[in-house]
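Everything on this sheet refers to the single structure shown next.
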Amino acid sequence: MIERYSDHAANERTFLAWVRTAIAIMAFGFLVEKFDLFVSMAARELESRQPAVHLPSVGGQSLGNIAGLVLIVLGCATLVLAIVRFRKTARDIDRPDKCVGPGDRLDITLGGLIALLGAAMFVYLAYTTISRF
């Protein structure tokens, strides 16, 4: 039997939850990037078929591309953070003496960056929706 098995199992479950979160963030970034590209291509195709019809400009197409790429980078950063914390926690579990936890600063910073990006995407979508009217 592995010594402190339940602690190691809990550490591994936490690591896997972080990995799932990182994959979801990267997949969402890919979706944002590709959907923005799809909207841009569809608008160009529609304008080429009906040149008399002028569609309102979506504006800020590059913002959607940047947001998608930033989400992919944040997903990668989340994965790196998960690996580092998993290995450090695994070493700390095996130590005979008690040690201080890693703290929450990095987690809060990463969550804040994701929330900030979400707010920027909301403002972008609200602006493009309002500008169509």
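Remarks
- Tabulated pairs, the stretch 3-24, first under 16 Å from Val80 (Cβ atoms), second part of a helix (DSSP H, G or I) and open to solvent by 80 Å² or more (accessible area, probe 1.4 Å), C-beta under 9 angstrom, 6+ apart or interchain: Ala22/Val80
- Considering residues of the stretch 116-133 that are hydrophobic (A, V, I, L, M, F, W, C) and within 14 Å of the chain's Cα centre (by Cα) only, the residue most open to solvent (accessible area, probe 1.4 Å): Leu116
- Note on the stretch 89-115: residues that are β-branched (Val, Ile, Thr), surrounded by 10 or more Cβ atoms within 10 Å (Cβ to Cβ) and without any contact (Cβ under 8 Å) to a residue 40 or more places away in the chain amount to 2.
- Out of Leu81, Leu74, Leu69, sole residue that is within 30 Å of Asp104 (Cα to Cα), modelled with pLDDT of 70 or more and open to solvent by 90 Å² or more (accessible area, probe 1.4 Å): Leu69
The values are calculated or read from the model by the stated rules, or taken from the named source; none is laboratory data. None of these values were measured; they are calculated from a predicted model. Methodologically, a virtual Cβ is constructed for each residue, glycine included, from the backbone with ideal geometry; neighbour enumeration extends over all protein chains shown. Ligands, DNA and RNA are excluded from the accessible area calculation, which covers all protein heavy atoms including side chains. Shrake-Rupley method; radii C 1.70, N 1.55, O 1.52, S 1.80 Å.
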